Structures are given as structure tokens and as C-alpha cells.
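Shown next, in C-alpha cells, is the structure this report addresses.
The values are calculated or read from the model by the stated rules, or taken from the named source; none is laboratory data. Computed from a prediction, not measured in an experiment: that's the story for all the values here. Heads up, the Cβs are rebuilt from the backbone with ideal geometry, glycines too, and the neighbour counts pull from every protein chain shown.
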Amino acid sequence: MAEMMYWQGILRAHDEEMARDPLVFAMGEDIGVAGGTYKATSGLFAKYGEQRVIDTPISENSYTGIGVGAAMVGARPIVEIMSVNFAWLAMDQLMNNAAKIHYMSGGRIRCPFVMRLPGGTAHQLGAQHSARMEKVFMGISGLRVVTPATPRDAYGLLKSAVRCDDPVVIIEHEAMYNLKGEIPDTEFFTPLEGVEVMRPGKDVSIFAYNISVHWALEAAQKLAQEYGIDAEVIDLRALKPMDRAGIAASVRKTHRAIVVEEDEAPVGVGSEVIAIINEECFFDLDAAPVRVHALDVPIPYSHRLEKAAIPNADDVIAVARKMLGR
Amino acid sequence: MDATDQKRLLREMLFARRFEERCAEAYHERQIGGFLHLYPGEEACAIGVLEKARPGSDYVVTGYRDHIHALKSGMNPKALMAELFGKETGCSKGRGGSMHLFDPDVHFMGGYALVGGPFPLAAGFAKAIQLRGSDEISICFLGDGANNQGTFHETMNMASLWNLPVLFICENNLYGIGTAIERSTVEINQYKRVAPYGIEAAQCDGQDIDVVMAHAEKAVQHVRGKRKPYFLELMTYRLRGHSMSDSGAYRSKEEVEEWAQRDPIGIYKRRLIEAGVLSEDEFHATDEAIQDEIENEIVRFATESPEPRVEDVARYVYVEGGKQPWLK
Ligand SMILES: Cc1ncc(C[n+]2csc(CCOP(=O)(O)OP(=O)(O)O)c2C)c(N)n1
Ligand SMILES: [Mg+2]
């Protein structure tokens, strides 16, 4: 077990997969000579050359489409979009082609396409560099959407995504690339489906993903120490398809649910999780489920306003205390 | 090209025409639904270009007007008609429809509804070919209207920058639905638009299949030999409406009539008759045989084929039995 940073996990997954399969290749803006905005592809250009580590022009839709085309005939592209906000420019190829080709062709053409993108609010980057898009990707049939919360999963999800025969979107987080954590020394694959219990508990289920897992864990620790509340923290990890059984199992145990997301609430992860709870185990609930989420505003530049717009561990604590009356 | 091949080519064009005329009938009889874009008048483009490539091995992609490209690539016409009828035996198992034909077995990669969408896909096929080091090429057929999408410019730049073996065929039929090209586009000579990207290009008549083949041969050689993109613009015209619902109000009867004189089948038929290769009787016999095959084998197959099962509606969202390395 080695301690590694999130970006190092991503880099290691690239390196292992590219060494194993000559049809695995990476493309994106500044990923080659420059090594990637977050170093996640550093050194690969020197090792694998410009045919397989491709610095693209600023043409998101078409290099995404080139990746999709290559995937349709057997290559294994890993396309990096520099920031999730720029993925809007790639949506036509992602939504109309990558997501639908397998279905439209009656299962005859596969699209083992991987798109990676940092998809969270970093620090004062302004409205056009701070948006989250998970709700958009989650709404597209045919895609898989996963979100690593730890270096281990940043590594393991990319490993699984490259081997997966479906198109996979991996949402990373700009503020997490330097996060440290343990990654097994031997090859490891994180499932592209299913939740993971990060902290078992019996009083309330806190569902989170990506950066909000860390807020939930911080909150759970304080809730236990200061208020005697034993929270279960669930990393949703796979946002599409979502693990209905895993969500229901936790609620059946705790009878209470909170969903924590960095995104705005409307049409989002929280809406989806609560709908699933209603459908799967409504009568197991002892309290109405609650969403902890960003304000419904474009993310402001001002540090003070930005902080106000994004939720944190204290918000989770407040909601849990109210729910349990402690 | 010997007489046998010449007669085969004429037969292929005639088959395409009769096949699509039958599609139009089936559409009016409501056996075919949705959008139906037909290709009459343009047959020499797909058939002439692919005659000089390696259909079945070279990758082919196009837009929604895709029937004839699929056929010439080697798709079974029964699977094509069955797809139009929405049947499980269709090339896309009834999930695609007219605009989304697929046959990866013969490297026919689709069938796409969004104008301009296939440009990067074609370059992507070429990228995979480049990585594999094989000598196939990728061929992308799109209309004049598609060249005003961003993907056109983005893809031309990258295809040239990265030396991708992709042949772009522009079927310039002078209209994007009802908008005449000079009303949508500053430079109406499409082949000139790729010069800034360092892509070699040419323009030629798309109605005379001999002319198409001469230019296509050169274009294919360029792409296959030099492993670089090439852009060929074929001047053509669709003799029917854009799709089945088209009033035709945007162009004059005289214009349509003028182009009908340059019907690719008429041009080639006259040439073969004048050369003494073909007789009028032979042509009629072929025509009858084609119509008989379409009715009694192809349409019959499509009609008698089963519909997809409702229980299977969620099949093919993801790959079935796909790799799950985390389970091993
Ligand atoms: C992105 C997108 N915008 C608009 C349309 C509607 N549309 C369908 S075909 C077409 C015209 C395309 O003209 P052209 O590329 O010349 O092809 P042609 O039909 O003439 O062969 C338009 C505007 C579409 N399908 N996709
Ligand atoms: Mg046109």
C-alpha cells in the first residue's frame, strides 16, 4: 500500500493501461508536452509518444467525436476535458453519438469511450469555471457516470472505465488532485456500479459523492463526538446507473436520509436519490429526507459569496441534528 | 473497366433507384415511419466513390441519407428494408431506423441525424487505423450544408495536423433542405474551403459515374498511399424532396427538369448502349429482375419479419455481459 495523491492515481491508471494495450490513447488540451493541467498525464508524452498522448486544438466537440469514432472501431480513448464547463461544447458528440451508438445499432457497435473531467467548484474561478454537470450526464441514457472521492478510486475507476465496453464519464474535482490516500500496490479495479459504505452507522444515512464525501465524513465524526449521533456515510460513487439496492439497504437500517451535493438542488443527485428512496423503501423512513446542496445561483467570484453558495460539513451537521432532534 | 463491370455498375445504380422508390411507396403505406431521406439523382456519388475504394474493409460513415452508402458498403438489402420497417431482423434490430443504419461487419459505421456529427467520427476511425498500422482508410460522405458546422473546420484542422487517412466526400446538391447554398454560404465552391488546412481537394461532376470514379481513384490513392486526408466535392442534385415532407417550393420546375436530364442512370445507360455494351432489351430485363427481387424477396422478408419484443426495450443500453474487471 502506497500513499499517493489523487492525480498520481489517475496517472498510474493511464500508465498501466497504456503499457498493457497499444490501442489505449489519451487526448486533450495540454495533456502531452505540458503534462496536463493537474499533472494527471505527466510523463506519458515522453513515454508513449505523440501518437498516443495527443495535445489537441481547442476543439472540444470534434476531438471528443474523434475519440468516439476511434472507440467505435476498437481503440480505447481517454479524453480529458480541461474543465467540466467546457464539456458543454462536447455535448453533441457525447450525447448524440457516444451514448446512443450501441443502442441505435441494436448492440452491434460498442463505444468504449472514456471522458475525464474535473467537475467541481475550486476556488474563486468564477461562474464559467465552477459549474457542475453531473445532473446533465446522469440524465443521458447509455452513459455511465462515476465520481472518485479518493485517490484509490481515482485510480480504480479509471482502470475499470478503460476496460469497460460502455462510454464512461469520470467526474474528478479540481480541489482534490492533491488529496492523499492509500492505493493498493497491486492492480485494482473499482466497480463502476454500486455504493460504498465509508463509515457504518445506525442513526442516519448521509449520501454523498466526490468532494461531498469528505464533508459527510467530517460531519459524521463531529456528530458522533459532540452529539452522540451515529451517522452512516455512503459514497454513491456511481451516479449512473445508481445503486438502488445499496441506497435502500442503508435507509432500511437507519430510517433517515440526507443527501449532500456540491451542485444546485434542482434536477440533481439529491432529487434522484430521494426519488429512489420513495420508490424502494418509503415506509422505512422515520423522517422526511433532506438535501444539502449549493444555492441555485451561478457560482460567484467573491470568496465570501462563493463560500456562501457551496455547502459544507457544518450544513450537514445542522440538518442531521434537526432531523434527530439533538 | 470491362463490359461486365460496367453492366454491374449500371445495375447497382438502378437497384438503388428502384429500392428507394419502393421505400417511398412503403412510406405512403405507413410501413416505414419517421424521417425518410432518399437519394435519387445522387447514386453515382456513393456508388462511384466506393467502387474505387474497398467496401467492406474501408470504413464508411455518412448522414441520414444513408441507404445507398450502406448498400454499396455491402449491407444486405433485406436487413436494410427490415430496418426501415422497424423489424428485429433489421441491420440495427429495429432500434435505428432509416437515419441510423449500421453494419460493423462490413465497416459501415452509420447513419447519423445531426448535420456535421460524422466529421469527427470519420477522423476517429482514421485515428484507430493509424494506431493499428493497417492500410484501410476512412470515408466520410456529407452534404454541402454540413460544411457550415464547427465540426467541419475543427475536424479538417485535426485530420490534416495528425495525417489521418480520411477521405471527405462532399455531396454538393446545392441545397440544405430548402435553403440554396448561395443563401447560406460565402464560398460556394466547397473544395476551396479546406485549402487553409493544407488538405488537397478537387471538384467534379457527380452525375457521370465515370468522372466520379476517375476522381475517386485519385483521391483514394492519395489517402491510402500518403496517409493524409483528401477532400472531393461532387456536384450533384437530388431529384426528390429533402425528405418525404417537402413542398419543393424553393426551386423551380425548370431547374429540376434540367437536372433530370443529367440523371446518372440515364447518362450511363446511354453511354453503354452507344458503346454497344448494352441493349435496351437487356436493360429492361435487368430492371424487371430488380423489381421482382425487391418485391418478392426484400419487401417480403421485411414484411414477414418479427417486430422487436417489448420486453427487450432496455436491451443495448449497455453492453450485455460487458467486461467487469472488478469482479474477477
Ligand atoms: C445539427 C443539426 N441541425 C439541423 C438539422 C436539420 N437538418 C436536417 S438535414 C439539414 C440540411 C443539411 O443539408 P446538407 O448537409 O447539404 O445535406 P443534404 O440533405 O442536402 O444531403 C438540416 C438543416 C439537423 N439534422 N442537425
Ligand atoms: Mg445539400
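Within region A:53-63, which residues are more than 7 Å from chain B (Cβ to nearest Cβ) and either over 19 Å from B:Ala128 (Cβ atoms) or surrounded by fewer than 20 Cβ atoms within 10 Å (Cβ to Cβ) (or both)?
A:Asp55, A:Ile58, A:Glu60
Determine, yes or no, whether B:Ser184 is surrounded by fewer than 17 Cβ atoms within 10 Å (Cβ to Cβ), at pLDDT below 95 and more than 16 Å from ligand 2 (Cβ to nearest atom).
No: the conditions fail for B:Ser184.
Just give me the residues in region A:64-80 being among the hydrophobic types (A, V, I, L, M, F, W, C) and either surrounded by fewer than 24 Cβ atoms within 10 Å (Cβ to Cβ) or facing another protein chain (nearest Cβ under 8 Å) (or both), in sequence order.
A:Ile66, A:Val68, A:Ala70, A:Ala71, A:Met72, A:Val73, A:Ala75 - these are the residues of region A:64-80 that are among the hydrophobic types (A, V, I, L, M, F, W, C) and either surrounded by fewer than 24 Cβ atoms within 10 Å (Cβ to Cβ) or facing another protein chain (nearest Cβ under 8 Å) (or both).
Working carefully through the options B:Gln261, B:Gln291, find the one that is touching a helix residue (DSSP H, G or I) at 6+ places or on another chain (Cβ under 7 Å) and more than 16 Å from ligand 1 (Cβ to nearest atom).
Residue meeting the stated conditions: B:Gln291.
Being touching a residue at least 60 places away in the same chain (Cβ under 8 Å) and either under 21 Å from B:Phe125 (Cβ atoms) or surrounded by 17 or more Cβ atoms within 10 Å (Cβ to Cβ) (or both) narrows it down to one of B:Ile209, B:Ile199, so name that one.
From the options B:Ile209, B:Ile199, the qualifying one is B:Ile209.
Taking the options B:Ile177, B:Ile199, B:Ile169, name whichever one is within 12 Å of ligand 1 (Cβ to nearest atom), modelled with pLDDT of 95 or more and among the β-branched types (Val, Ile, Thr).
On inspection, the qualifying residue turns out to be B:Ile169.
Taking B:Ala123 as meeting all but one of (1) within 7 Å of another protein chain (Cβ to nearest Cβ); (2) farther than 21 Å from B:Val49 by Cβ, write down the number of the exception.
Every listed condition holds for B:Ala123 apart from (2).
Based on what the data block shows, is B:Ala123 within 14 Å of ligand 1 (Cβ to nearest atom) and either farther than 25 Å from B:Arg238 by Cβ or within 16 Å of the chain's Cα centre (by Cα) (or both)?
Details: within 14 Å of ligand 1 (Cβ to nearest atom): no; either farther than 25 Å from B:Arg238 by Cβ or within 16 Å of the chain's Cα centre (by Cα) (or both): yes.
It is false that B:Ala123 is within 14 Å of ligand 1 (Cβ to nearest atom) and either farther than 25 Å from B:Arg238 by Cβ or within 16 Å of the chain's Cα centre (by Cα) (or both).
For B:Met244, which of the numbered conditions (1) modelled with pLDDT of 95 or more; (2) under 19 Å from the mean Cα position of the chain (by Cα) fails to hold?
(1)
Answer yes if at least one residue in region B:136-148 is facing another protein chain (nearest Cβ under 8 Å) and in a loop (DSSP other than H, G, I, E, B), and no otherwise.
Within region B:136-148, not a single residue is facing another protein chain (nearest Cβ under 8 Å) and in a loop (DSSP other than H, G, I, E, B).
Hey, can you tell me all the residues within region B:149-179 that are near ligand 2 (Cβ under 10 Å from one of its atoms) and either of a type in the set (Phe, Trp, Tyr) or assigned to a strand (DSSP E or B) (or both)?
Those that are near ligand 2 (Cβ under 10 Å from one of its atoms) and either of a type in the set (Phe, Trp, Tyr) or assigned to a strand (DSSP E or B) (or both): B:Cys170, B:Glu171, B:Asn172, B:Tyr175, B:Gly176, B:Thr179.
What tally of residues in region B:66-118 results from selecting those that are touching a strand residue (DSSP E or B) at 6+ places or on another chain (Cβ under 7 Å), part of a loop (DSSP other than H, G, I, E, B), of a type in the set (A, V, I, L, M, F, W, C) and at the interface with chain A (Cβ under 8 Å from one of its Cβ atoms)?
2
Looking at region B:149-184 only, could you name the residues that are at positive phi and within 14 Å of another protein chain (Cβ to nearest Cβ)?
B:Asn163
Of the residues in region A:12-38, how many are away from chain B (no Cβ under 14 Å) and in contact with a strand residue (DSSP E or B) (Cβ under 9 Å, 6 or more places away or on another chain)?
9
Any residue at all in region B:3-23 that's surrounded by fewer than 19 Cβ atoms within 10 Å (Cβ to Cβ), hydrophobic (A, V, I, L, M, F, W, C), out of contact with any strand residue (DSSP E or B) (no Cβ under 8 Å at 6 or more places or on another chain) and assigned to a helix (DSSP H, G or I)?
Among the residues of region B:3-23, at least one is surrounded by fewer than 19 Cβ atoms within 10 Å (Cβ to Cβ), hydrophobic (A, V, I, L, M, F, W, C), out of contact with any strand residue (DSSP E or B) (no Cβ under 8 Å at 6 or more places or on another chain) and assigned to a helix (DSSP H, G or I), which makes the answer yes.
Assuming A:Asn96 fulfils every condition listed in (1) assigned to a helix (DSSP H, G or I); (2) polar (S, T, N, Q); (3) surrounded by 21 or more Cβ atoms within 10 Å (Cβ to Cβ) apart from one, which condition is it?
(3)
Hey, among the residues in region B:127-146 that are under 28 Å from B:Leu174 (Cβ atoms) and more than 16 Å from ligand 2 (Cβ to nearest atom), which one's surrounded by the most Cβ atoms within 10 Å (Cβ to Cβ)?
Narrowing region B:127-146 to residues under 28 Å from B:Leu174 (Cβ atoms): B:137-146.
Retained after the next criterion (residues that are more than 16 Å from ligand 2 (Cβ to nearest atom)): B:137-139.
Working: B:Ile137: 28, B:Ser138: 30, B:Ile139: 33.
Per the stated criteria, the residue is B:Ile139.
Could you tell me whether region A:14-21 includes any residue that is of a type outside the set (S, T, N, Q), part of a loop (DSSP other than H, G, I, E, B) and buried (at least 24 other Cβ atoms within 10 Å of the Cβ)? Even if it seems obvious, please write down each step before you answer.
Of the residues in region A:14-21, the ones of a type outside the set (S, T, N, Q) are A:14-21.
Retained after the next criterion (residues that are part of a loop (DSSP other than H, G, I, E, B)): A:21.
Checking which are buried (at least 24 other Cβ atoms within 10 Å of the Cβ) leaves us with none.
No: zero hits.
Given the condition free of Cβ contacts under 8 Å to residues at least 24 places away in the same chain and not polar (S, T, N, Q), answer yes or no: does some residue in region B:32-43 qualify?
Checked against the condition, which is being free of Cβ contacts under 8 Å to residues at least 24 places away in the same chain and not polar (S, T, N, Q), region B:32-43 yields no hits at all.
With farther than 15 Å from B:Ala201 by Cα, more than 13 Å from ligand 1 (Cβ to nearest atom) and of a type in the set (Asp, Glu) as the only criterion, which of B:Glu187, B:Glu154 stands out?
Among B:Glu187, B:Glu154, only B:Glu154 is farther than 15 Å from B:Ala201 by Cα, more than 13 Å from ligand 1 (Cβ to nearest atom) and of a type in the set (Asp, Glu).
Please indicate, with yes or no, whether at least one residue in region A:114-134 is farther than 27 Å from A:His293 by Cβ and either away from ligand 2 (no atom under 16 Å from the Cβ) or touching a residue at least 60 places away in the same chain (Cβ under 8 Å) (or both). I'd like the intermediate steps shown before the answer.
First, the residues of region A:114-134 that are farther than 27 Å from A:His293 by Cβ: A:114.
With the extra rule that they be either away from ligand 2 (no atom under 16 Å from the Cβ) or touching a residue at least 60 places away in the same chain (Cβ under 8 Å) (or both), the set shrinks to A:114.
Checked region A:114-134: at least one residue is farther than 27 Å from A:His293 by Cβ and either away from ligand 2 (no atom under 16 Å from the Cβ) or touching a residue at least 60 places away in the same chain (Cβ under 8 Å) (or both).
Quick one: which residue in A:Glu174, A:Glu218 is touching a strand residue (DSSP E or B) at 6+ places or on another chain (Cβ under 9 Å), away from chain B (no Cβ under 13 Å) and in contact (Cβ under 8 Å) with a residue 40 or more places away in the chain?
A:Glu174
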